[in-house]
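A short write-up of the structure that comes next.
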Amino acid sequence: MAKTRTSAISAEAQIERVRRICLALAGAEEKLSHGEPTWFVAKKVFCMFSNNHHNDGHVAVWIPAPAGRQAEMIADAPETYYRPPYVGVKGWVGVELARVGDEELVELVQQAWQMIAPKKLTAANHIG
């Protein structure tokens, strides 16, 4: 996947970009967790911001990947996806924000929300 124009966007602007996408989803709430903006639905995390966590060089989000997809996503696009610390062992994937456009980011975040949100919420707010 080619770099998009988002590569020149500051970390603060990336947070605003992710915030806009996450808070557009039903029941989404933002709280600080481990010093970073984190988005919850029904008290469960569906998206975490990572701003150069422990100087790892990533300005990214960490989101749950569908079962069995983490390794495939990383293998297919290692410049875009990576296995994040702590939650990577649970199948979550890191997404380099400079490597994805808004359309792809919306799709990834919506998928993460749908995986975590209660069934009654996802049914009432079906995402095409």
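The values are calculated or read from the model by the stated rules, or taken from the named source; none is laboratory data. Everything quoted here is computed from the prediction, not taken from an experiment. No Cβ is skipped: glycine too gets one built from the backbone with ideal geometry, and neighbour counts run over all protein chains shown. Side chains are part of the model used for accessible areas, which takes the heavy atoms of the whole protein and leaves out ligands, DNA and RNA. Shrake-Rupley method; radii C 1.70, N 1.55, O 1.52, S 1.80 Å.
Any idea how many residues of segment 89-124 are open to solvent by 60 Å² or more (accessible area, probe 1.4 Å) and more than 17 Å from Ala42 (Cβ to Cβ)? Going through segment 89-124 one residue at a time, the tally reaches 5. Taking the criterion of being assigned to a loop (DSSP other than H, G, I, E, B) and modelled with pLDDT of 95 or more, the only residue of segment 50-65 that qualifies is Ala65. Total residues in segment 7-46 satisfying the condition of being in a helix (DSSP H, G or I) and farther than 17 Å from Trp113 by Cβ: the figure is 8.
From the list Phe40, Phe49, the one residue that fits, being open to solvent by 20 Å² or more (accessible area, probe 1.4 Å) and aromatic (Phe, Trp, Tyr), is Phe40.
For every residue, the table says whether it meets (1) in a helix (DSSP H, G or I); (2) among the hydrophobic types (A, V, I, L, M, F, W, C); (3) under 25 Å from Glu16 (Cβ atoms).
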{"position": "Met48", "(1), (2), (3)": "no, yes, yes"}
{"position": "Tyr86", "(1), (2), (3)": "no, no, yes"}
{"position": "Val89", "(1), (2), (3)": "yes, yes, no"}
{"position": "Glu104", "(1), (2), (3)": "yes, no, yes"}
{"position": "Leu121", "(1), (2), (3)": "yes, yes, yes"}
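Of the residues making up segment 52-82, those that are small (Gly, Ala, Ser) and surrounded by 19 or more Cβ atoms within 10 Å (Cβ to Cβ) are Ala60, Ala65.
Listed here are the residues, each with its yes/no results for (1) modelled with pLDDT under 95; (2) touching a strand residue (DSSP E or B) at 6+ places or on another chain (Cβ under 7 Å).
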{"position": "Pro78", "(1), (2)": "no, no"}
{"position": "Pro85", "(1), (2)": "yes, no"}
{"position": "Lys90", "(1), (2)": "no, no"}
{"position": "Leu97", "(1), (2)": "no, yes"}
{"position": "Glu104", "(1), (2)": "no, no"}
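In a residue-by-residue description of segment 35-47, the property of being out of contact with any Asp or Glu (no Cβ under 6 Å at 6 or more places or on another chain), more than 24 Å from Thr122 (Cβ to Cβ), without any contact (Cβ under 8 Å) to a residue 60 or more places away in the chain and not β-branched (Val, Ile, Thr) applies to at least one position.
For Cys47, the requirement of being of a type outside the set (Gly, Ala, Ser) and within 18 Å of Gly91 (Cβ to Cβ) is met.
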